[in-house]
Every structure is written in structure tokens, then in C-alpha cells.
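Chemist: Submitted below is the structure of interest, expressed as C-alpha cells.
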Amino acid sequence: MLNTRSIKILSSPLAIARVLGSPYDPERIELFEKLFVQLKQEEFANRPERNNRNPEFKNLAFFEAYFSNYIEGTIFEIEEAKKIIETATPLPTRDEDSHDILATYSIVSNQEEMKTIPGSADELLGILQYRHKLLLAARTSKYPGKFKDRNNRAGETHFVDYTLVKGTLVKGFDYYHALVHPFAKAAFIMFMISEVHPFLDGNGRISRIMMNAEFVTRNQTRIIIPAVFREDYLLTLRKLSRDKQPESYIKMLDKAHKFSETIVGSMNFMQDLLEKSNVFKEPTDAKLKIF
């Protein structure tokens, strides 16, 4: 491991990876394998995208961007968010938060960008860094486009060590690449990015962008995680991360996918349906309805 003798004497894959310059987190790779095996065993519905032309594509992109930021605590009134997008102008009192909404929308409303998915591990790293640079452009202290240079955590959850980020993503890519169904690939890549947490900030939004790019590429319904479904989303992510049980995570995403399939049409029609579905309410006040 000190590079003083031939690599052939090493038997541990982790030791070999470290010598070759791509050390990874073995516990996370074991977790990714569990998710991979479960995804390979299940069958998933075919849900064609009905908002694949403008303006419908951009209408859904607005709500995708709105709720993706809501999950992270960037909360606006819906009319405020609409004004920010329509005018491409941040609110004077909330410049960085406004830029978060604008940047997320600029990515998810761009069909060509959202049809870009990785064909190799190197492409995965490049796509992640490029999208992160766009997403966090207004937050220079978070080093847009650069992988984290120190460790991060959420509560008691410690994410992948910053020295192991690239190697863990490269190793995890093999499982992603071996999956075929767009739902399986989307579910895997979203969890992988979330679990590695490769950046100082913006990891949740990037993981959901990568997830929905899989659907856009295959002309499938994108997944919206509304406010009322936030706790279901976070709790099942945590359950998979801590308890290594992927079933509830997959079930949660499938329910969100089934719900998202119903959101079709004009901006007003979408908003009316969303209100009837309780999506703007807090999880403690209501449950998600699917019509």
C-alpha cells in the first residue's frame, strides 16, 4: 500500500483500490448492492410522460423545482416562486434562496440537459460537477462544481468520507449501469448520490435531478416529492441508510411516481390538482391523495 512492492501481493479489493488511487467506502458499496439486488428482483410500472412538450414540460418543471427546494427548507409561497421564475429576478430580501429556485428550474426545465445521463463512471463525475456548478452558482462559499473537501453529516448520519467520494461513486456506478428499467436506475442513482453526499450543499437537489434525468431520457413520468410527502421520503431514505432495508424506500418512490403521473396539463390545472391532493400541506396536517 506504500507502493514499495507489486500490487499483485494485495488480496483486499479495498487495498488495491487505495493503491490505484480510487479508495471507496466498503459499507456503502455493500448497501448499494442490497438496493441493487432488490431492484433487480422487482417489476415496475411503465408510466409514459404526458408532459413531454412545452409548455407542459416546463409547467411540471416549475413544481419539480419548487418542491425539490421545499424539501431542503427553501420555502416560498407558490405565487412568490412563480414570480421569481416568470421574471427571472430574485426577491430582494432573499437573493440566494431565489437563485436556488431559478437554478433548479433552469436545469429541470431544459429537456436536452435532462436527457443527459452517464454512460461511464467518468461521465457520472463530470455530470454531477457540471450540474452542481449551475445549481450552486449563487452560493460561492459552497464551492459550486467541486466535491467536498471536508466531511458532512445530517444529525447522527455521517456521509461518505470526503477522501472516498470519487471512489465510492465510481464503484457504485457499476451497479447503476447494470440496471435496465428506468425506475430502477432512477431509484438507485438518487439514493447513491444522497448517501454519498459528494458536495458541501445541494446534495438532495442534485440527487433528485439525476433521478428525473433517467425518466426524461426514457420518456417516463418524472417524480415530484411534494411537501405533504416529505416525511415519507426522508424517513424511508433514512431507513435504507441505517437499517439497510430497501423495500420501504422503493415502495415510497413508486407511490410518488404513481402520484406524479396524474399531474398533467396547464399550470392552473396542475395547481388545482395539487391543491386537491393536499401537496402544499404539512405532513402532520394531511395525507397525500392520488386521484
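Just so it is clear, none of the values below were taken in a lab; they were calculated from the coordinates. What you are looking at is a predicted structure, and each value in this text was computed from that prediction instead of being measured. With ideal geometry, Cβ positions are generated from the backbone for all residues, glycine too; neighbour counts draw on all protein chains shown.
Chemist: Binned at 10 Å from 0, what are the whole-percent values of the Cα-Cα distance distribution for the chain, short to long?
Modeler: 6, 28, 36, 21, 6, 2, 0
Chemist: In what order do Leu234, Leu60, Leu240, Leu102 fall by count of nearby beta-carbon atoms within 10 Å, going from fewest to most?
Modeler: Ascending Cβ contact count within 10 Å gives the list Leu234, Leu102, Leu240, Leu60.
Chemist: Next question, about the same structure. Using a/c under 1.5 as the rounded threshold, could you call the stretch 151-238 rounded, prolate or oblate? The axes a ≥ b ≥ c are square roots of the C-alpha gyration tensor eigenvalues, and prolate needs a/b larger than b/c, oblate otherwise.
Modeler: Cα axes put the stretch 151-238 in the oblate bin.
Chemist: Let me ask you something else. Across bins of 10 angstrom width beginning at 0, how are the C-alpha pair distances of the stretch 196-291 distributed, in whole percent?
Modeler: P(r) over the stretch 196-291, rounded to whole percents: 15, 42, 36, 7, 0.
Chemist: Taking the Cβ of Asn51 as the centre, find all other residues whose Cβ is under 15 Å away and add up their charges (Lys, Arg: +1; Asp, Glu: -1).
Modeler: Result for the local shell: +3.
Chemist: Expressed as an acute angle from 0 to 90° and rounded to the nearest 10, what is the orientation of the C-alpha long axis of helix 26-41 relative to the principal long axis of the chain?
Modeler: Taking the Cα atoms of the chain, the angle to 26-41 is about 60 degrees.
Chemist: With the Cα gyration tensor of the stretch 75-148 giving a ≥ b ≥ c as the square roots of its eigenvalues, does the rule (a/c under 1.5 for rounded; else a/b larger than b/c for prolate; else oblate) give rounded, prolate or oblate?
Modeler: Here the stretch 75-148 falls in the oblate category.
Chemist: How high is the FRET efficiency between Thr262 and Glu27 when r is their beta carbon distance and R₀ equals 51 Å, given to the nearest 0.05?
Modeler: Efficiency for this residue pair is about 0.85.
Chemist: I would also like to ask the following. Only sites in a loop by DSSP and with at most 12 other Cβ atoms within 10 Å count here; which GluC sites (Glu not before Pro) in the stretch 46-98 make the cut?
Modeler: Answer by residue number: Glu77.
Chemist: Sorted by packing (mean other beta-carbon atoms within 10 Å per residue), highest first, where do 125-135, 140-150, 207-217 land?
Modeler: 207-217, 125-135, 140-150
Chemist: Also: Per residue, what volume in Å³ does the convex hull of the Cα atoms of the stretch 107-149 enclose?
Modeler: Given the Cα convex hull of the stretch 107-149, per-residue volume reads 58 Å³.
Chemist: Which trypsin sites (Lys or Arg not before Pro) does the stretch 259-291 hold that lie in a coil by DSSP with at most 13 other beta carbons within 10 Å?
Modeler: Lys287, Lys289
Chemist: Under the Karplus relation 6.51 cos²θ - 1.76 cosθ + 1.60, θ = phi - 60°, what is the ordered set of whole-Hz ³J(HN,Hα) values for the stretch 155-167, x standing for Gly and Pro?
Modeler: For the stretch 155-167, the Karplus-derived couplings read x, 8, 8, 9, 7, 4, 4, 4, 6, 10, 4, 4, x Hz, x marking Gly and Pro.
Chemist: I would also like to ask the following. What share of all Cα pairs of the stretch 60-213, in percent, falls into each consecutive 10 Å distance bin?
Modeler: Per 10 Å bin, starting at zero, the Cα-Cα P(r) for the stretch 60-213 comes out as 11, 41, 35, 12, 1 percent.
Chemist: Show that you can apply the helix-only estimate: for the chain, add -39,500 (n - 2.57) for every DSSP H stretch of four or more residues, divide by all residues, and state [θ] at 222 nm to the nearest 500.
Modeler: It comes out at -17500 deg cm²/dmol, rounded to the nearest 500.
Chemist: Give me the angle, in degrees from 0 to 90, between the Cα long axis of helix 121-135 and the longest principal axis of the Cα atoms of the chain, rounded to the nearest 10.
Modeler: Around 40 degrees separate the two axes.
Chemist: So, R0 is 30 Å and r is the distance between the beta-carbons of Val37 and Asp161; what FRET efficiency does that work out to, to 0.05?
Modeler: 0.75
Chemist: Dividing the Cα radius of gyration by the Kirkwood radius, what Rg/Rh value follows for the stretch 36-120?
Modeler: 1.08
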